[in-house]
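Taking it in order: structure first as structure tokens, then the write-up.
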Amino acid sequence: MFHDMSEQLVAEMRRLEAIDARDREDGTPRLQRLRQIPPETGRFLALLAASAPAGRWIEIGTSAGYSSLWLALACRAAGRRLTTFEVMPEKAALARETFARAGVEDVVSLVLGDARAYLGEIRDIGFCFLDAEKEVYFDCYEAIVPKLVSGGLLIADNAINHREILQPMLDRALNDPRVDALIVPIAKGELLCRKR
């Protein structure tokens with residue numbers, strides 16, 4: 001998977017990494033920044049997703065599409081498709097450009113809108129990556145877990161660096177008998193849940 005990355009995909013990842021680094025250095029306001037995961041988290045996600053059981057793959061919080069590119073690698077390796085949700089029109093437009101330039105439109109579909117409005121219709125989730133506004137995490141967790149297939153994975157970003165905001169959801173996940181869960185100390189921290 002990592003050894004077969006196209007030059008087109010790698011170039012797009014590097015472009016987004018450079019924008020993200022510049023935005024963090026110059027103090028671009030939080031809502032305008034790409035706010036994407038670091039590369040080591042991308043690799044972690046891709047490895048986990050590639051071994052997820054059969055089922056729908058979703059991502060909540062697209063931004064400019066950087067994490068979606070890592071998940072696209074796993075989609076190709078596992079023969080799956082990813083549906084990613086973004087609420088901000090300007091970021092959704094950036095993501096559409098990202099997917100076109102990286103050549104992943106065949107495995108990634110973007111939905112402009114609040115994922116919570118769609119989660120009632122989605123069944124049999126094999127993999128979910130949650131990286132949206134922190135205030136929606138608890139609602140998303142409660143909507144997704146019942147719909148995970150056995151062995152299905154839910155990964156939530158920022159489990160360490162936003163722990164104070166996410167504590168109710170983290171406590172719920174770590175004590176939820178429906179899942180086996182732990183916080184993985186990679187980058188900003190990833191809550192990893194596997195449906196029992």
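What follows draws every value from the coordinates through simple rules; no lab data is involved. Source: prediction; values computed, not measured. Here the Cβ is made from the backbone with ideal geometry for all residues, glycine too, and neighbour counts use every protein chain on show.
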* Asked: How much FRET efficiency would the formula 1/(1 + (r/R0)^6) give for Val10 and Arg116, where r is the Cβ-Cβ distance and R0 is 35 Å, rounded to 0.05?
  -> 0.55
* Dividing the convex hull volume of the Cα atoms of the chain by its residue count, what figure in Å³ per residue is obtained? -> 105 Å³
* To do: Under 14 Å from the Cβ of Asp171, count the other residues' Cβ atoms, weight Lys and Arg +1, Asp and Glu -1, and hand me the total.
  => -1
* **Cα-based Lys proximity count in the chain, under 21 Å, for pairs eight or more positions apart or on separate chains** => 4
* Asked: Regarding the stretch 33-94, what is the average projected area of its C-alpha convex hull, in nm²?
  -> 4.1 nm²
* Asked: Taking Cα pairs under 8 Å and at least six residues apart, what relative contact order does the stretch 1-99 come out at, in percent?
  -> 28 percent
* Estimated FRET transfer efficiency (Arg123, Arg196; beta-carbon r; R0 25 Å; 0.05) -> 0.90
* Rough spin-label spacing in nm, given labels placed 7 Å along Cα→Cβ, for Arg172 and Met1 -> 2.8 nm
* Within-11-Å neighbourhood charge of Gly61 [Cβ basis; K, R +1; D, E -1] -> -3
* Structure fact -> Classified through the alpha carbon gyration tensor (a ≥ b ≥ c as square roots of its eigenvalues; rounded if a/c is under 1.5, else prolate when a/b is larger than b/c, else oblate), the stretch 127-167 comes out prolate
* Asked: What does the charge count near Ala159 come to, summing +1 for each Lys or Arg and -1 for each Asp or Glu among other residues with Cβ under 10 Å from its Cβ?
  -> 0
* Structure fact -> Dividing the helical contributions, -39500 (n - 2.57) per DSSP H run of n ≥ 4, by the residues of the chain yields a 222 nm value, nearest 500 deg cm²/dmol, of -13000 deg cm²/dmol
* Theoretical gain in end-to-end length, Val184 to Ala100 [0.36 nm per residue, Cα-Cα removed] -> 27.1 nm
* Asked: Relative contact order for the chain: what is it in percent, counting Cα pairs under 8 Å that are at least 6 residues apart?
  -> 19 percent
